[in-house]
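Structure first, commentary second.
The values are calculated or read from the model by the stated rules, or taken from the named source; none is laboratory data. On a predicted model such as this, the values are computed, not experimentally measured, just so you know. Note that each Cβ is placed from the backbone with ideal geometry, even for glycine, and that neighbours are counted across all protein chains shown. The accessibility values were calculated without ligands, DNA or RNA, using every heavy atom of the protein model including side chains. Shrake-Rupley method; radii C 1.70, N 1.55, O 1.52, S 1.80 Å.
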Amino acid sequence: MVAGNGLFYPIFGFASLVLFIYMSFGDMRLGFEEGPEVSFVGRNGTQFVLDGKPFYINGWNSYWLMVQSVDDYSRPRVREMLRAGAKMGLTVCRTWAFNDGDYNALQTSPGVFNEQAFRALDYVIAEARRHGVRLLLSLVNNLHAYGGKTQYVEWAWQEGVGLSSSNDSFFYDPSIRSYFKNYVKTILTRKNTITGIEYRNDPIIFGWELINEPRCMTDPSGDTLQDWIEEMSAFVKVIDKNHLVTVGLEGFYGPNDPKRLTVNPEAWASRLGSDFIRNSKTVNVDFTSVHIYPDHWFREEVYEDYMKFVSKWMLSHIEDGDKILNKPVLFSEYGLSDTIKNFSLSNRENMYRVILNIIYKSAKKRRSGAGALVWQFLAGGMTEFLDDFGMVPWERSSTYSLFVEQACRLAKLNGWTQRDMSFKEFC
C-alpha cells in the first residue's frame, strides 16, 4: 500500500474533503428516501382518475408548508404534518407555492428568486412524496398575505412600467402579466434539488391552482378576469402537459347567471368580477374549485341557516359539474369560524360531517363532487399561524376520527392501495 510511502493519508484526507463538500452542497438526493411509486392524477369527464380508477379526495389545507421549511428549527413541523396526514388517510394537501416580497420570500423582485426559499419548496415536495400525499400548489394570492397581486402591482409601479396603482391591474397590465408568466415558468421547470425531478414531471403534485380566490371588482362584468384565466391556463398547459389545472375560485355565480339570485349567499357575490360557470368552462381548466364559508358570507344568519346553505351550495355546484361543465368539482376550502356567536367544536364537526357526507354520496354515485379540503390543519405549537379556523387534528379525538372515517369510506370506494395500508387498521 502507498501508506508506507506517506501518500495514503494526504490522499485519503483530500478525498474525504471532496466527499464532504459534495454531500453538503452538491446532489442532495443522497439523503432522499424514495416513497411509494406514484402516478399522475388525470381526469375523465366529471371524475379524477388514478391508475385507471375513480379518485375521490379527502384532504386538507396547510398553506404554511414552504415558509416553515426555510429554517431548520421549524422544518420538523412540515414532516410532522405530512406524516400525520398520511396516517389519517388524507390524500391531497393544498399549500402555497408563492411568497412574493414577504419575509423569506421565494420571489424577492420580478424574476429574482431566493434559492433558500426554493429549496424549502423542494423539501415540501420531497416530503410529500416520501409520505404519499399529493399537493395542490397555488401560484399567487388575490389577498395581501405573502405578497399577492398587490406586490406585483407595486413592483410594476416602482419600476415605472405600471399602468395603474389599482390591485386589479394585476389582471390586465401587460408588464405584470409578463412578471407572472416568468414566475410560473420558473416554478414549473424547477428541478428539485432533493428528488432531481422537475416540478412539471413530478406526479406527487396533484395540480396547479392559478390564484387563490380571484376577484376583480373593478370589472364586475367578469371580462377582465376571464381573459386572464384563459391566457394563464393556456400558458401553464404549454409548459406542463402532465398536471391538472384549476382557477382557485370561491364558487360565486356571475352577473348573468340565474343562480346568482337563488344560490349565491348575498347580492354582493355576483359583483366581484368572478363567474363560476364562465370561468370553469375555460378549455384549459381541468376541474373547478369552490369554497365554503357561510359564517363569513352572511351578516345576520345563525348556525342553522349556515347548515341549510352548505347543503344547497354544494349540491348546486355538483349539479353544475354533472350537467353543465362535465368537470370534477373540488371543494378546496371549507371552514367554520370559532368567532361566531355560540360557537362550539361540536357544531363545527357537525358542519364538517355534512360536507364529508355529501362528498361520500357523490363518490358512491360517481358524480362530480370530487372531494373536499378542510381549512386548515396545523402542527403543535404554531400559534403564530392560528386563525379562527385552524386546528391540530390529533388534539381532539372526535375531529381526528371524523376525517379518518371519511378516508376509510373513500378508500373502500376507490379501491384499497398499498399506500392505504398505513391507516387501514383504523377502519
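Assorted remarks:
- Lone qualifier among Lys312, Lys327 - being in contact (Cβ under 8 Å) with a residue 60 or more places away in the chain and open to solvent by 10 Å² or more (accessible area, probe 1.4 Å): Lys327
- Here is the figure for the range 211-234: residues that are within 19 Å of the chain's Cα centre (by Cα) and either modelled with pLDDT under 95 or not charged (D, E, K, R) (or both) total 6.
- Residue check, Leu121 touching a Ser or Thr at 6+ places or on another chain (Cβ under 9 Å), open to solvent by 10 Å² or more (accessible area, probe 1.4 Å) and either outside any helix (DSSP H, G or I) or more than 28 Å from Asp223 (Cβ to Cβ) (or both): no
- Test for Asp387: is it under 30 Å from His317 (Cα atoms), in contact with a strand residue (DSSP E or B) (Cβ under 9 Å, 6 or more places away or on another chain) and among the acidic types (Asp, Glu): yes
- Qualifying residue in the range 280-292 (condition: open to solvent by 50 Å² or more (accessible area, probe 1.4 Å), farther than 20 Å from Leu225 by Cβ, assigned to a loop (DSSP other than H, G, I, E, B) and not basic (Lys, Arg)): no
- Candidate set from the range 360-375 (those that are touching a residue at least 40 places away in the same chain (Cβ under 8 Å) and part of a loop (DSSP other than H, G, I, E, B)); member that is least open to solvent (accessible area, probe 1.4 Å): Ser368
- Applying the criterion of being open to solvent by less than 60 Å² (accessible area, probe 1.4 Å) and part of a helix (DSSP H, G or I) to the residues of the range 232-258, the residue that is farthest from Lys312 (Cα to Cα) is Ile239.
- Residues of the range 312-334 satisfying the condition of being outside any helix (DSSP H, G or I) and either among the aliphatic types (A, V, I, L, M) or farther than 15 Å from Tyr352 by Cα (or both): Asn326, Lys327, Pro328, Val329, Leu330
- Meeting the requirement of 1 or more residues that are open to solvent by less than 40 Å² (accessible area, probe 1.4 Å), modelled with pLDDT of 95 or more and among the aliphatic types (A, V, I, L, M), the strands (runs of 3 or more DSSP E) wholly within the range 1-75 are 47-50, 57-61.
- Screening Leu261 with (1) more than 21 Å from the chain's Cα centre (by Cα); (2) crowded, with 23+ Cβ neighbours inside 10 Å gives one miss only, at (2).
- For the range 397-427, filtered to residues that are in a loop (DSSP other than H, G, I, E, B) and either in contact with a Cys (Cβ under 9 Å, 6 or more places away or on another chain) or modelled with pLDDT of 95 or more (or both), the residue that is least open to solvent (accessible area, probe 1.4 Å) is Cys427.
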